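Taking it in order: structure first as structure tokens, then the write-up.
The values are calculated or read from the model by the stated rules, or taken from the named source; none is laboratory data. Note that the structure is a prediction, hence the values are computed from the model and not measured. Cβ placement follows ideal geometry from the backbone for every residue including glycine, while neighbour counts extend to all protein chains displayed. We work out accessible area using only protein heavy atoms, side chains counted, and drop any ligands, DNA or RNA first. Shrake-Rupley method; radii C 1.70, N 1.55, O 1.52, S 1.80 Å.
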Amino acid sequence: MRLRICSYNIHKGFSQFNRRVAIHDLRERLRALTPDLVFLQEVQGMHLGHARRHPEWPALPQHEFIAQGVWPQTAYGGNAVHEHGHHGNAIVSKLPILQAENQDVSLTRLERRGLLHCVIELPDGPPLHSICVHVSLTDTQRRRQLSSLIERVHNDIPADAPVIIAGDFNDWHNKANSWLARQLGMQEVFTQLSGRPARSFPSRFPLLSLDRIYIRGFRPLSANVPHGGEWARISDHSPLIAELERLPG
């Protein structure tokens, strides 16, 4: 079987530098990419202040607004809770989500981070374990959070199960590739296809490789990063798109 997946840091539904509400444009452009499974970071589950200030602010949580009518299955993990609401990670899927659990891996009050782990039913074979990731900007915290991710995969996922881990790794020094390959036997999609992770930030002219898609039990067929133009007007990150084929066995 084949899966088309997307990973996207949506910047809480605002354009770069928070100049305008971009969630409506973002939803339409994301739908045009036709992914089966979408890993979303910086998803605003609720923000009462934005809802009051912006007439166009969706009544639904952002992941539900994005998924409405296209991706019938959704899961959300709120990591940052404040007086106006909360935000975190989400997964939206055309395939059934059998289980969902959010693990808070925050290490400070100022930088709230999490791992959203979903078990997704595939047409045949064992279910897919999908983990949506957003880890710290600092190296020390990032290392500890990736250790939590590695521990979760070892302890909670069968060794023969297919796995996709995707999201915003903030991996300035490109260390995650070797850690996840060594500890989990997982490979990064763009690195397999072109020799290095994709540049995805900033969206106007991507220079930094912050976003990643790691896989086990799949073969990457193609991958690309839409950027510039209209994409630069709807988030500070560019989305990652990958076409994957399930390996036999």
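Details
- Test: residue in the stretch 101-115 that is assigned to a strand (DSSP E or B), free of Cβ contacts under 8 Å to residues at least 40 places away in the same chain and buried (at least 22 other Cβ atoms within 10 Å of the Cβ): yes
- Of all residues in the stretch 61-78 being modelled with pLDDT under 95 and of a type in the set (Gly, Ala, Ser), the one that is farthest from Asn102 (Cα to Cα): Gly78
- The residue that is farthest from Ala166 (Cα to Cα), among those in the stretch 201-237 that are of a type in the set (Ser, Thr, Tyr) and free of Cβ contacts under 8 Å to residues at least 60 places away in the same chain, is Ser222.
- Test: residue in the stretch 86-94 that is open to solvent by 10 Å² or more (accessible area, probe 1.4 Å) and at pLDDT 95 or above: yes
- Filter result for Leu98 (open to solvent by 50 Å² or more (accessible area, probe 1.4 Å), over 16 Å from the mean Cα position of the chain (by Cα) and within 20 Å of Pro127 (Cα to Cα)): yes
- The stretch 182-214, residues that are surrounded by fewer than 20 Cβ atoms within 10 Å (Cβ to Cβ) and hydroxyl-bearing (Ser, Thr, Tyr): Ser194
- Residue list for the stretch 32-63, filter: more than 15 Å from the chain's Cα centre (by Cα) and either open to solvent by 60 Å² or more (accessible area, probe 1.4 Å) or among the aromatic types (Phe, Trp, Tyr) (or both): Ala32, Thr34, Met46, Leu48, Arg52, Arg53, Pro55, Glu56, Trp57, Ala59, Leu60
- Subset of the stretch 139-181 (residues that are of a type in the set (D, E, K, R) and crowded, with 18+ Cβ neighbours inside 10 Å): Arg142, Arg152, Asp168, Asp171
- Condition check for Trp71: among the hydrophobic types (A, V, I, L, M, F, W, C) and more than 30 Å from Leu244 (Cβ to Cβ): no
- Scan the stretch 55-110 for residues that are of a type in the set (D, E, K, R) and under 17 Å from Arg27 (Cα atoms) and the total you get is 3.
- Test: residue in the stretch 1-12 that is over 27 Å from Arg204 (Cβ atoms), surrounded by 21 or more Cβ atoms within 10 Å (Cβ to Cβ) and touching a residue at least 60 places away in the same chain (Cβ under 8 Å): yes
- Verdict on Ser136 being outside any strand (DSSP E or B), open to solvent by less than 10 Å² (accessible area, probe 1.4 Å) and at negative phi: yes
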